[in-house]
Amino acid sequence: MILPRPIYSGLLYAAAPAAMLYLYKRSRKQPQYLEHWSERFGTAHYPPRTKGRTRIWIHAVSVGETRATFSLVESILKRWPNTEILYTHMTPTGREVGAKFAQKFGNRIAQCYLPYDTPRAVKKFLKATQPDLCLLMETEVWPNLTYFTKKLGIPTVLVNGRLSEKSFKQGQKAGSLIKDAFGRLTMALAQYEEDAERLKAAGAHDVKVLGNLKFDFTPNAIQLRTGREILKYAERDIIGLASSREGEEQKFLEALKKAQAAGVLEDRLILIVPRHPQRFEEVAKLIEKSGFTYIKRSQIRDWKTVLSKQGPQIILGDSMGEMGFYYALSSLVIMGGSFENYGCQSVIEPCAIGLPVIVGPSIFNFDFIVKKAESEGALLRAADFTEALRIADEVLSDPAKRAEIGEKAAKFAQEQRGATERTIQVIDMLLKGDTNADQAS
């Protein structure tokens, strides 16, 4: 199907009422979706550029993309003292995580939502914010955005770029619209060779393979230390279901009930941490309905009692921004997003701190990482939650095996580091004007 950009733009204008309805529906579970509507629809007063400073605009859609930028942003602000960052996001959780991170940099980081990709909104946004360089995280290549950044001479780079086979095939359906959007990029910095090949096929020209920025994160030392101090009270191993998604908790609880009925995992404590905060209460009701005893992390006052053999069967991690703490509490992690068709959440952080990780069948977002880690013995795969719990029990029953997998996981994560410095070198080149990017026609 061929979809010219003007027709695409017209469809976006026509879809504005549907977008408003979507935001309203999302706000029922997450009220923050009612905030900053003017930014989304191009009628806001966007953060102006500070006079005399270089402005680098980074678009990070949600939580995962935002966290992936942290090491890069710290390096940018340290290397170029006269540079400021403009963060744009599409989700309230991404904005919240970015805001917490930005606090330690004073006025050097500004934030807003990226407007929907209509010509009027994009032009107003770019005129108001005046970026010197645009960094789009992972997959966020939009037709009007790349058209106007190129027309205005703003170097636009896809950073930490990835493109799954599924997304590539979906993009092909839009014909030249997406191909032209990728073709207008100044450069695409891919995570791995497989991503690079698909990005080239999608239309990107100057493609470099630099690795994955997410491996360069620095674990939150305070969270790790706090978790490990609390863990001294534990009388049971803790199995963490991390970043679980809709549909997964119910199947996990059913598998857990069957396992315990068969005499397996009766002496293990379960930690469930849903990916999205708006689902905390929903998951609490699922646990309650399943008949397990549980306590919310927000209600815990006495960790020693909770972690004792007489404590609850499940802890519900109902807080944001504490994954380092939750991983520090865990003896082993079952990764959410991989047991339903979500493509898996990131296994990088638990691997980096030396945890055994079990991943389900859906891995399209982290295909290369999961397969490479599995081949090196750094993580384990399971077809479903029943198998995952069986494997978890086997690993936790064998301290030597558990330690071996954890050591291999930490080694694997360490060997993948370095993408931040390689990306900084590219940014340095672009800020010096060393690019052959042409103006849009």
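The values are calculated or read from the model by the stated rules, or taken from the named source; none is laboratory data. Treat the numbers as computed from the prediction; the structure is a model and nothing was measured. Ideal geometry is used to build each Cβ from the backbone, glycine not excepted, and the neighbour counts take in all protein chains shown. To get the accessible areas, we keep the full protein, side chains included, count just its heavy atoms, and leave off ligands, DNA and RNA. Shrake-Rupley method; radii C 1.70, N 1.55, O 1.52, S 1.80 Å.
Looking across the stretch 1-58, the residues that are open to solvent by less than 30 Å² (accessible area, probe 1.4 Å), in contact with a strand residue (DSSP E or B) (Cβ under 9 Å, 6 or more places away or on another chain) and not basic (Lys, Arg) come down to 39, 44, 46, 47, 56, 57, 58.
For the stretch 295-318, what are the residues that are in a loop (DSSP other than H, G, I, E, B) and either closer than 16 Å to residue 246 by Cα or not aliphatic (A, V, I, L, M) (or both)? Matches in the stretch 295-318: 301, 302, 308, 309, 310, 311, 312, 313, 317, 318. Screening residue 371 on (1) touching a residue at least 12 places away in the same chain (Cβ under 8 Å); (2) under 21 Å from the mean Cα position of the chain (by Cα); (3) more than 20 Å from residue 252 (Cβ to Cβ) shows it passes everything except condition (1).
Among the residues making up the stretch 285-294, those that are open to solvent by less than 50 Å² (accessible area, probe 1.4 Å) and either under 18 Å from residue 243 (Cα atoms) or part of a helix (DSSP H, G or I) (or both) are 286, 287, 290. Of everything in the stretch 378-402 that is small (Gly, Ala, Ser) and under 24 Å from the mean Cα position of the chain (by Cα), the residue that is most open to solvent (accessible area, probe 1.4 Å) is 383.
Entry remark, the stretch 231-284: residues being part of a loop (DSSP other than H, G, I, E, B), of a type in the set (Asp, Glu) and more than 21 Å from the chain's Cα centre (by Cα) number 4 in total. For beta carbons closer than 9 Å, sequence separation of 6+ or different chains, a first residue in the stretch 272-298 that is on the phi > 0 side of the Ramachandran plot and a second that is open to solvent by 50 Å² or more (accessible area, probe 1.4 Å), the qualifying pairs are 291/257. Within the stretch 91-109, the presence of at least one residue that is closer than 16 Å to residue 60 by Cα, open to solvent by 30 Å² or more (accessible area, probe 1.4 Å) and of a type outside the set (D, E, K, R) is confirmed. The strands (runs of 3 or more DSSP E) found wholly in the stretch 153-222 and carrying at least 1 residues that are within 20 Å of the chain's Cα centre (by Cα), buried (at least 22 other Cβ atoms within 10 Å of the Cβ) and in contact (Cβ under 8 Å) with a residue 24 or more places away in the chain occupy 156-161, 187-190. The combined condition, being over 18 Å from residue 232 (Cβ atoms), hydroxyl-bearing (Ser, Thr, Tyr) and over 27 Å from the mean Cα position of the chain (by Cα), is not fulfilled by residue 308. Determine whether the stretch 338-354 contains at least one residue that is of a type in the set (Val, Ile, Thr) and free of Cβ contacts under 8 Å to residues at least 60 places away in the same chain. So far as the stretch 338-354 goes, yes, one or more of its residues are of a type in the set (Val, Ile, Thr) and free of Cβ contacts under 8 Å to residues at least 60 places away in the same chain. Only one residue in 88, 83 is open to solvent by less than 40 Å² (accessible area, probe 1.4 Å), without any contact (Cβ under 8 Å) to a residue 40 or more places away in the chain and within 25 Å of residue 14 (Cβ to Cβ), so which one is that? Result of the check over 88, 83: 88.
Restricting the first member to the stretch 18-44 and to residues that are farther than 20 Å from residue 96 by Cβ, and the second to residues that are among the small types (Gly, Ala, Ser) and open to solvent by less than 70 Å² (accessible area, probe 1.4 Å), the beta-carbon pairs closer than 6 Å and six or more apart or on different chains are 42/121. Looking only at the stretch 127-141, which residues are hydrophobic (A, V, I, L, M, F, W, C) and either more than 20 Å from residue 44 (Cα to Cα) or open to solvent by less than 10 Å² (accessible area, probe 1.4 Å) (or both)? 133, 134, 135, 136, 137, 141, listed by residue number. Applying the condition of being farther than 30 Å from residue 72 by Cα and touching a residue at least 40 places away in the same chain (Cβ under 8 Å) to the stretch 223-236 and asking which residue is surrounded by the fewest Cβ atoms within 10 Å (Cβ to Cβ) yields 235. Any residue in the stretch 403-420 that is open to solvent by less than 20 Å² (accessible area, probe 1.4 Å), farther than 28 Å from residue 248 by Cβ and of a type outside the set (D, E, K, R)? Scanning the stretch 403-420, I find at least one residue that is open to solvent by less than 20 Å² (accessible area, probe 1.4 Å), farther than 28 Å from residue 248 by Cβ and of a type outside the set (D, E, K, R), so the answer is yes. Restricting the stretch 59-77 to residues that are farther than 18 Å from residue 157 by Cβ and charged (D, E, K, R) leaves a set whose member that is surrounded by the fewest Cβ atoms within 10 Å (Cβ to Cβ) is 74.
Looking across the stretch 298-319, the residues that are out of contact with any Lys or Arg (no Cβ under 8 Å at 6 or more places or on another chain) and open to solvent by 50 Å² or more (accessible area, probe 1.4 Å) come down to 298, 299, 301, 302, 304, 305, 310, 313.
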